[in-house]
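Following: one structure in structure tokens, then a few remarks.
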Amino acid sequence: MSERFTRGSTPTVTAPSPAAVRRLRAGSRGAVTPLAAASVLIAGVALSGCAQQRDGDVYTVMNSSTDESYHRWDAEAMARCGERLGVRIEQQSVPAAQVMTKALRMASSKSLPDIVQFDASEMPVFAEAGGLVDLRTLGLSTRDVPEGIVNFGSYKGTYYGAARSVNTLALFYNKDVLDEAGVRVPTTWAELRETARKLTEGKRYGLALSAGGAEDGVFQFTPFMWSNGGDERKLDGPRVVEALDYWKALLKDGSLSKSTVNWTQADVNDQFMAGNAAMMINGPWQVETLNTRKSLHWGIAEIPVPEAGATSVGPLGGAVLTVPRTGDAQRERTAGRIVACLASEKEQLTYALNSWMVPANAKAAAVWRERVPELDALADQVAAARSRTARLGAGWPNVSLALQSAFQSALTGQSSEAALRRAQQRATSGN
């Protein structure tokens, strides 16, 4: 996509391939955007100003907090920030799969909200069109935000999205099962493979993960690819092939269910809670559900690495608060103040303690570690994690779709080399 905004102009958006406008999963809250989003883009939508009349003291935040708990937590935070800033903040929540599509439609009708919370992996699509304001120009500071998380909310070096919290993946394990088998928590690929073999018994698999044909599977593959030195810009490279071969080996061992190719991350959690998996790859969004099963004694550790001493590099997931260009500089400045409040150290800590996510602010994260010691390993994993769009920006969707197809092929019989060779071709061509 190309085209930038200039004040007073009405730019149009040049569309990427239709496949590239799919909704990308960020941790727990993502889904797949209908291709209607692509048709909006292809039609040459104008992402310019807000023509409709607005109440000067009412500001709207659009997000995907349709879950009752998340909606309530966000409403409480907005009420606090509204009181501090002397404005009323209204929340408009839509399903995660519809955020980008709805934002594009609202842009075409010049009725954009003041703030949009995008999945960080799809924010570059809107930024590439010139539809977002640089948050630094609105006074937001990144002083206490780790570089990786600043990059998570940036596109081509410009800071467009402020994260309140971030998430990543980790290895969850059933403490009782591991203790009974007399095995330690694995830290390397070799240990994980051997431990998963030992823990596979009857209807119970040693490990559960998602390799489904959606962003869930790609999200779960990245720590294996990146920790092994793989590069998403060269999907047919030997390090990526090795990572997919490792998944194939787990499947061949019988340590993974054949249903892995169909499972979402929610399905994986269901299997773990039902006692059908001794370990799983998953994220902190599952903690609230895990804690409803009092008899389940679970632990968490970093995802095992290819060799001892290597760094476990997972994907950063989560959403970022952005300020769309509406043509009203004064409202944009106030929207920036609202984002700054919602993403403040105090608000981040409150939100993170409610949601089990990790605060984006380093000071808040330090307090969070002390308050939630059982998730300390997750904070370590986040520290080394990186954004899926860091190297490819708006080009990530093509890579994601290509990998999804590769998993389905390789885990049902095709060689990893052939599947990833085709994936690289698809990622390059966009088809």
Inset, instruction - Determine if the range 353-364 includes at least one residue that is at pLDDT below 95, surrounded by fewer than 23 Cβ atoms within 10 Å (Cβ to Cβ) and assigned to a loop (DSSP other than H, G, I, E, B). - result: yes
Inset, instruction - Identify, from the list Leu85, Leu24, Leu112, the residue that is aliphatic (A, V, I, L, M) and at pLDDT below 90. - result: Leu24
Inset, instruction - Report yes if some residue within the range 326-349 is open to solvent by less than 20 Å² (accessible area, probe 1.4 Å), touching a strand residue (DSSP E or B) at 6+ places or on another chain (Cβ under 8 Å), assigned to a helix (DSSP H, G or I) and over 19 Å from Asp134 (Cα atoms); otherwise report no. - result: yes
Legend entry - Spans of helices (runs of 4 or more DSSP H) in the range 52-148 with at least 2 residues closer than 22 Å to Cys341 by Cα and open to solvent by 20 Å² or more (accessible area, probe 1.4 Å): 68-85
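Please tell me if Trp368 is farther than 30 Å from Gly56 by Cβ and assigned by the TED database to the domain that holds Val287.
Working: farther than 30 Å from Gly56 by Cβ: yes; assigned by the TED database to the domain that holds Val287: no.
So Trp368 does not fit the description; no.
Yes/no matrix, rows are residues, columns are (1) surrounded by 15 or more Cβ atoms within 10 Å (Cβ to Cβ); (2) closer than 18 Å to Ala319 by Cα; (3) at pLDDT 95 or above; (4) out of contact with any Ser or Thr (no Cβ under 6 Å at 6 or more places or on another chain):
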residue: Asp376; (1), (2), (3), (4): no, no, no, yes
residue: Ser387; (1), (2), (3), (4): yes, yes, no, yes
residue: Asn398; (1), (2), (3), (4): yes, no, no, yes
residue: Ala406; (1), (2), (3), (4): yes, no, yes, yes
residue: Ser409; (1), (2), (3), (4): yes, no, yes, yes
residue: Ala423; (1), (2), (3), (4): yes, no, yes, yes
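May I ask you to list the residues in the range 367-387 that are more than 29 Å from Gly229 (Cβ to Cβ) and of a type in the set (A, V, I, L, M)? Break it down stepwise before answering.
So the first thing to find is which residues in the range 367-387 are more than 29 Å from Gly229 (Cβ to Cβ), and the list is 367-368, 370-374.
Correct list: Val367, Val372.
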Legend entry - Qualifying position, being in the same structural domain as Asp267 (by the TED database) and either open to solvent by less than 10 Å² (accessible area, probe 1.4 Å) or among the charged types (D, E, K, R) (or both), among Gly202, Gly206, Gly161, Gly182: Gly206
Legend entry - Odd one out for Ala301, checked against (1) open to solvent by 50 Å² or more (accessible area, probe 1.4 Å); (2) touching a Leu at 6+ places or on another chain (Cβ under 6 Å): (1)
Inset, instruction - Run Ser405 past the list (1) under 24 Å from Glu147 (Cα atoms); (2) part of a helix (DSSP H, G or I); (3) hydroxyl-bearing (Ser, Thr, Tyr) and report the number of the one that doesn't hold. - result: (1)
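The values are calculated or read from the model by the stated rules, or taken from the named source; none is laboratory data. All values derive from a computational prediction rather than experimental measurement. Cβ sites come from the backbone with ideal geometry, for glycine too, and all protein chains shown count toward neighbours. Just so you know, the surface numbers come from the protein's heavy atoms only, side chains and all, with ligands and any DNA or RNA stripped out. Shrake-Rupley method; radii C 1.70, N 1.55, O 1.52, S 1.80 Å.
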